[in-house]
1. I need the full set of residues from the range 80-97 which are open to solvent by 30 Å² or more (accessible area, probe 1.4 Å) and either assigned to a loop (DSSP other than H, G, I, E, B) or of a type in the set (Ser, Thr, Tyr) (or both), in order please.
2. All but one of (1) touching a Pro at 6+ places or on another chain (Cβ under 7 Å); (2) more than 16 Å from GLY46 (Cα to Cα) hold for GLY92; which doesn't?
3. Limited to the range 15-69, what total is found for residues that are in a loop (DSSP other than H, G, I, E, B) and surrounded by 11 or more Cβ atoms within 10 Å (Cβ to Cβ)?
4. Given the criterion of a type outside the set (Ser, Thr, Tyr) and modelled with pLDDT under 95, identify the matching residue among VAL54, VAL89, VAL36.
5. Can you name every residue in the range 98-114 that is surrounded by 15 or more Cβ atoms within 10 Å (Cβ to Cβ) and either at pLDDT below 85 or assigned to a strand (DSSP E or B) (or both)?
6. Looking at the range 118-130, can you tell me whether even one residue there is at pLDDT below 95, within 28 Å of THR23 (Cα to Cα) and either aliphatic (A, V, I, L, M) or surrounded by fewer than 19 Cβ atoms within 10 Å (Cβ to Cβ) (or both)?
7. Answer yes if at least one residue in the range 36-50 is of a type in the set (Asp, Glu) and under 25 Å from VAL134 (Cα atoms), and no otherwise.
Amino acid sequence: ASNYYNTGGRYDPATDSWQTTATSDAPTGRIGHTAVWTGSEMIVWGGYVWDGYVGINLMSGGIYNPISNNWLSTSQLCVPTERSGHTAVWSGTQMIVWGGYKINTGGAYDLLSDTWHATQYLAAPLPMTSPSGVWTGSQMIIWGADRQSSYPGIGGLFTP
């Protein structure tokens, strides 16, 4: 049986010390998830757990505030399809997630309103597992490989 932890730590370089993060209200333990830093909080979303027979993808997450050392859940309304092995970026106002194993869709989470909305990807790239995503300031660049084909690399651009 696998162990999935919902624990963590914060490092303070000024004091060269670690402090454990709160676990109360933290998302369930998982692997294959993403995390983005908003400038003041960390958002963790997606991933999967193994139930002993099959992997179960998740469509949940949490928001960690290091100042108050507490967690809040992300909204479950209009949330994207459960997934793991996806990519996520912070646009400055929202977390944008895309892809995952056999998935070429995404969603955007607005932290201030605690709302999700589907992303519209015209001519979206083929599904890819564990793509990389970067934010340019106005677009999300997605790049990866389709391990089921002979394509050496595929990618696309998303403009919110």
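1. First pass over the range 80-97, keeping only residues open to solvent by 30 Å² or more (accessible area, probe 1.4 Å): 81-82, 90, 92-93.
Across the range 80-97, the qualifying residues are THR81, GLU82, GLY92, THR93.
2. Failed condition: (1).
3. So the first thing to find is which residues in the range 15-69 are in a loop (DSSP other than H, G, I, E, B), and the list is 15-16, 21-30, 32-33, 38-41, 46-47, 51-54, 59-60, 66-69.
Pick out the ones that are also surrounded by 11 or more Cβ atoms within 10 Å (Cβ to Cβ) and you get 21-23, 25-30, 32-33, 38, 41, 46-47, 59-60, 66, 69.
Matching residues across the range 15-69 total 19.
4. Working: VAL89 fails: modelled with pLDDT under 95; VAL36 fails: modelled with pLDDT under 95.
Of VAL54, VAL89, VAL36, the one residue that is of a type outside the set (Ser, Thr, Tyr) and modelled with pLDDT under 95 is VAL54.
5. Going through the range 98-114, the residues surrounded by 15 or more Cβ atoms within 10 Å (Cβ to Cβ) turn out to be 98-101, 103-109, 111.
The answer is TRP98, TYR101, GLY106, GLY107, ALA108, TYR109.
6. Quick first cut of the range 118-130, residues at pLDDT below 95 only: 118-130.
Next cut, within 28 Å of THR23 (Cα to Cα) only: 130.
Next, from what is left, pick out any that are either aliphatic (A, V, I, L, M) or surrounded by fewer than 19 Cβ atoms within 10 Å (Cβ to Cβ) (or both): 130.
Yes, there is a match, as at least one residue in the range 118-130 is at pLDDT below 95, within 28 Å of THR23 (Cα to Cα) and either aliphatic (A, V, I, L, M) or surrounded by fewer than 19 Cβ atoms within 10 Å (Cβ to Cβ) (or both).
7. The first filter runs over the range 36-50 and keeps only residues of a type in the set (Asp, Glu), leaving 41.
Now narrow it down to the ones that are under 25 Å from VAL134 (Cα atoms): 41.
Yes, some residue in the range 36-50 is of a type in the set (Asp, Glu) and under 25 Å from VAL134 (Cα atoms).
The values are calculated or read from the model by the stated rules, or taken from the named source; none is laboratory data. In this text the structure is predicted, and so the values were computed from the model without any measurement. When we count neighbours, we look across all protein chains shown, and the Cβ atoms used for this are built from the backbone with ideal geometry, even at glycine. Accessible surface areas use protein heavy atoms only, side chains included; no ligands, DNA or RNA. Shrake-Rupley method; radii C 1.70, N 1.55, O 1.52, S 1.80 Å.
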